[in-house]
Amino acid sequence: MKNLSTWLLVMFMIMFWAFRVIVAIMGELSIEFPFTPLNQQMEIILLFVTLLCIILVVKRTVVGALIYLLTYGMYFGVDLMNNINFILGAEENLSINTYSNTFASLIGMILAVAVVLDIFFDKSRKNNPKDKKTDWFYKNDKFDRQMDERADKNNYRTL
């Protein structure tokens, strides 16, 4: 993780995860909160999958970002599309929960797409990235140390 964008995205992932933990706890305890879990069991499963994905994104693996996008797309994307269609077609007053859940779903989808784009467009993501500061010395045969016949026979006495 060498880029500022990666650090910021991981911090936003952790903050959104903590927010979803609060939403799940409030939903489980039946406490009045503007945000409600879409599906309580899936929310808890998604929280554990997100922890795994955060670790994989920190390690810069494409699989972690794709799992993150897939799970958030299946959970928040479907809700986002349903809520947008419901908001556009409704003539009566809508509840604050509808708008707040739509906003949370939108943030979740934007975050998932941003993580995938960040990993795909990051050039330093490879397993063995080139480092110009040290590769000129360590990856160059011209600077390898040549052993001579005295290298094995240095028996110095200490008094």
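The values are calculated or read from the model by the stated rules, or taken from the named source; none is laboratory data. As the structure is a computational prediction, the values presented were derived from the model and not from experiment. Positions of Cβ are backbone-derived with ideal geometry, glycine not excepted, and every protein chain shown enters the neighbour counts.
Keeping to the range 59-81, report how many residues are surrounded by 15 or more Cβ atoms within 10 Å (Cβ to Cβ) and either of a type in the set (Val, Ile, Thr) or assigned to a helix (DSSP H, G or I) (or both).
Adding up the residues that qualify gives 16.
Is at least one residue of the range 129-145 at pLDDT 80 or above and either farther than 30 Å from residue 35 by Cβ or loosely packed, with under 15 Cβ neighbours inside 10 Å (or both)?
no
Pairs needed: first member in the range 90-102, within 18 Å of residue 78 (Cβ to Cβ); second member anywhere, surrounded by 14 or more Cβ atoms within 10 Å (Cβ to Cβ) and among the acidic types (Asp, Glu); C-beta distance under 9 Å; at least 6 residues apart or different chains.
101/79; 102/79
Being within 15 Å of residue 38 (Cβ to Cβ), among the β-branched types (Val, Ile, Thr), out of contact with any Gly (no Cβ under 9 Å at 6 or more places or on another chain) and buried (at least 20 other Cβ atoms within 10 Å of the Cβ) narrows it down to one residue among 98, 50; which is it?
Numbers: 98 fails: buried (at least 20 other Cβ atoms within 10 Å of the Cβ).
It is 50.
For the range 26-39, how many residues are over 15 Å from residue 109 (Cα atoms) and surrounded by 13 or more Cβ atoms within 10 Å (Cβ to Cβ)?
Adding up the residues that qualify gives 7.
Out of 9, 46, 52, 38, I need the residue that is touching a residue at least 12 places away in the same chain (Cβ under 8 Å) and not in a helix (DSSP H, G or I). Which one?
38
Kindly indicate whether residue 85 is assigned to a helix (DSSP H, G or I) and in contact (Cβ under 8 Å) with a residue 40 or more places away in the chain.
Here the answer is no, as residue 85 does not meet what is asked.
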